[in-house]
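J.: Sharing a structure here in structure tokens format.
The values are calculated or read from the model by the stated rules, or taken from the named source; none is laboratory data. Just so it is clear, the structure is predicted and the values come from calculations on it, not from any experiment. For neighbour counting, all protein chains shown are included, and Cβ atoms are generated from backbone atoms with ideal geometry for every residue, glycine included. Note: accessible area is taken over every heavy atom of the protein model, side chains too, but ligands, DNA and RNA are not part of it. Shrake-Rupley method; radii C 1.70, N 1.55, O 1.52, S 1.80 Å.
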Amino acid sequence: SFYYGTFPAGFLWGVGSSAYQTEGAWDKDGKGPSIWDAFTHKKGKVFGNETGDSACDGYYKVKDDIELLKELKVNHYVFSISWPRIMPTGIKTEQLNEKGIQFYNDTINSLLENNVIPIVSLYHWDLPQVLQEKYGGWQNISMINYFNDYANLCFEKFGDRVKHWITFSNPWAVAEKGYETGEHAPGLKLGGGGAYKAAHHIIKTHAKVWHSYNNKWRSKQQGMVGISLTSSWGEPVDSHSQTDRDAAERYIQFHLGWFANPIYRGDYPEIMKNYVGRKSAQQGLGTSRLPTFSVQEKTYIKGTSDFLGIGHFTTRYAIQKSFPFLQVSSYHTDRDLAELVDPKWPAPGPKWLYSVPWGFRRLLNFIKTQYGNPLIYVTENGVSEKVQCTQLCDEWRIEYLKGYINEILKALNDGVNVKGYTAWSLLDKFEWNKGFSERFGFYHIDFKNKNKPRYPKASVDYYKKIISANGFPNPREVENWYQKAMDACSTTHQLLATDSLITHMEMVTEIVLPTVFTLCILISIVLLIFYLRNH
């Protein structure tokens, strides 16, 4: 049931984005190539062979986008720094790009001038391509020191103003989709151990960066360093069945626990160690495909997060499913489970994203009990639409946000220590291997228009109301928000239709007129030749 009430005073409201998905300017002003530049430039890797070469042109539209943040009245903005934009090869001793450093300085200063708190992620998937080519990226232990150098440069250049740092955004996807399935850059399909090895190095890197900040920068800068972990909730199909409950436990431990357990409890979840260890032994391997931490490493890693960033989008039912003995096991077969969905769950966008608000409260309570009730910032939560036609009246996004934010309010009453919420995302943007086919934004972008104009969807108006009321004060007021949001989007639709017509006319003028003119000249030449021949 819906719970009416407000959030505690000082609760932070924000929106987020990431560098590669929005900035564009992929090779401008001294930026080096990233693994996503290399990946998207290969045919067949991304839907429609689209790239983030120009994306939302965010590199050139910082002031415009900060105006949108002001319009939303958010307290904070989560964004990421592009490692190759400030260190073209990823190696500090080789080259620094002052123009890239200046770009982020200007962005941070503009945010603060407009009373928006910057929450900065050091890594949202765009590894410098040189480090991938030379060392194999996150398969190589040398990434720990290279990343630590990069992080320290960021603390040095921006830490006097940035007080919330995220080391890695959704490292689960980096490891699993980058090194196991190959759906994401660098597109490697390394089978049984690739994802585990990448994750192992990422966890150790995170810990090193936290200690660097703790030892060198904290006393001076007084900031916080955390990590952002994205996880769905796993619910047993039959809550009375022990095997189903165990399957749901494995689902969450292999997803969230894979990264959170070492950071909060000092080691991988026991269930992960047991399952991967047993399956590795069945394959005849001398050691587990899941790497181990030494006693010193466990102590070094445990407690290295001042806050836990949580990304959450959807829920799955989990059921026991034994996979037959395979010569090549994978992360997915190691878990011995199948994922199911309820066909009654709303799925407004892509097939993976079902709206299941109650799963969020359960996930937050799981974190509270498993990891000692850490300080939590929700760093990503939102829904996309997957439609070809423009839809500014996004009532399904309004329903999604209303439901999920309300579950956070319930979780706060359960005693969960949530201090902020970040809706994902500010703009429609490049969605990795899905290209521009999925739209998560509050603001619609017409990517066919070279100016990339931004248009508010109905959800902008609705989210503004939640922020100004700091929650859901009473049924009558909340009902009223919906109607006002729908009225606002109708007006914007008319504006968009007019702009689209103008853009279309401009395209006609730019393409058709020169073509017709060229054809007229060619025909004239041909006729002239005929005339001269006849005479």
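J.: Rank E235, E249 by accessible area, highest first, at a 1.4 Å probe radius?
T.: E249, E235
J.: Something else about it: Give me the percent relative contact order of the chain, please, defined on Cα pairs under 8 angstrom at least 6 residues apart.
T.: Dividing the mean separation by the residue count of the chain yields 16 percent.
J.: Which FRET efficiency, nearest 0.05, do N373 and K43 yield, Cβ-Cβ r, R0 56 Å?
T.: Rounded to the nearest 0.05, the efficiency is 0.70.
J.: Could you work out how far helix 395-413 tilts from the main Cα principal axis of the chain, as a 0 to 90 degree angle to the nearest 10?
T.: In the chain, helix 395-413 runs at an angle near 30 degrees to the longest axis.
J.: Taking 0.36 nm per residue of sequence separation and subtracting the Cα-Cα distance, how much length would be gained by fully extending the chain between N534 and V516, in nm to one decimal?
T.: My answer for the length gained is 3.8 nm.
J.: If you don't mind, there's one more thing I want to ask. Can you tell me the relative contact order of region 77-222? Whole percent, Cα pairs under 8 Å, sequence separation 6 or more.
T.: Taking the mean separation of contacting Cα pairs over the length of region 77-222, I get 24 percent.
J.: Something else now. Among A195, G178, Q222, which residue has its Cα furthest toward the positive end of the charge dipole of region 89-231, with +1 on Lys/Arg Cβ and -1 on Asp/Glu Cβ?
T.: Positive-end residue among those listed: Q222.
J.: When the Debye formula is applied to the Cα atoms of the chain, each taken as the same point scatterer, what base-10 log of I(q)/I(0) results at q = 0.06, 0.09, 0.12 Å⁻¹?
T.: -0.31, -0.67, -1.18
J.: Let me ask you something else. Return the calculated 222 nm mean residue ellipticity for the chain, to the nearest 500 deg cm²/dmol, obtained by summing -39500 (n - 2.57) across DSSP H runs with n ≥ 4 and dividing by the residue count.
T.: -14000 deg cm²/dmol
J.: Kirkwood hydrodynamic radius for region 119-178: how many Å is it when counted over pairs of different Cα atoms?
T.: 12.5 Å
J.: Let me ask something else about it. Students sometimes get this wrong: rank E399, E479 by accessible area, probe 1.4 Å, all chains present, largest first.
T.: E479, E399
J.: Could you tell me which of H535, N145, L496 has its Cα farthest along the dipole of the chain towards the positive end, charges placed at Cβ (Lys, Arg +1; Asp, Glu -1), taken about the Cα centre?
T.: Value computed over the given set: N145.
J.: When only C-alpha pairs under 8 Å and at least 6 residues apart count, what is the relative contact order of region 217-276, in percent?
T.: Reported as a whole number, the value is 24 percent.
J.: What is the magnitude of the charge dipole of region 45-137 about its Cα centre, with +1 placed on the Cβ of each Lys and Arg, -1 on the Cβ of each Asp and Glu, and no other charges, expressed in debye to the nearest 20?
T.: The dipole magnitude comes to about 220 debye.
J.: Expressed as an acute angle from 0 to 90° and rounded to the nearest 10, what is the orientation of the C-alpha long axis of helix 62-72 relative to the principal long axis of the chain?
T.: 70 degrees
J.: Determine, from the Cβ-Cβ distance of T93 and K216 and an R0 of 30 Å, the FRET efficiency 1/(1 + (r/R0)^6), rounded to the nearest 0.05.
T.: Efficiency computed from Cβ-Cβ geometry: 0.95.
J.: Once you have the Kirkwood Rh of region 428-481 from its Cα pairs, apply Stokes-Einstein at 37 °C and 0.692 mPa s and quote D in µm²/s.
T.: Stokes-Einstein gives a translational diffusion coefficient of 251 µm²/s.
J.: If you don't mind, another one. Please express the shape of region 71-128 as an equivalent ellipsoid: the semi-axes are the square roots of 5 times the eigenvalues of the C-alpha gyration tensor, given largest first in whole angstrom.
T.: Three semi-axes, in Å: 25, 13, 7.
J.: Arranged from highest to lowest average of other beta-carbon atoms within 10 Å per residue, in what order do the peptides 178-184, 97-103, 81-87 appear?
T.: In decreasing order of mean packing, 178-184, 97-103, 81-87 become 81-87, 178-184, 97-103.
J.: Taking the Kirkwood radius as the inverse of the mean 1/r across Cα pairs, report the Rg/Rh of region 223-366.
T.: 1.00
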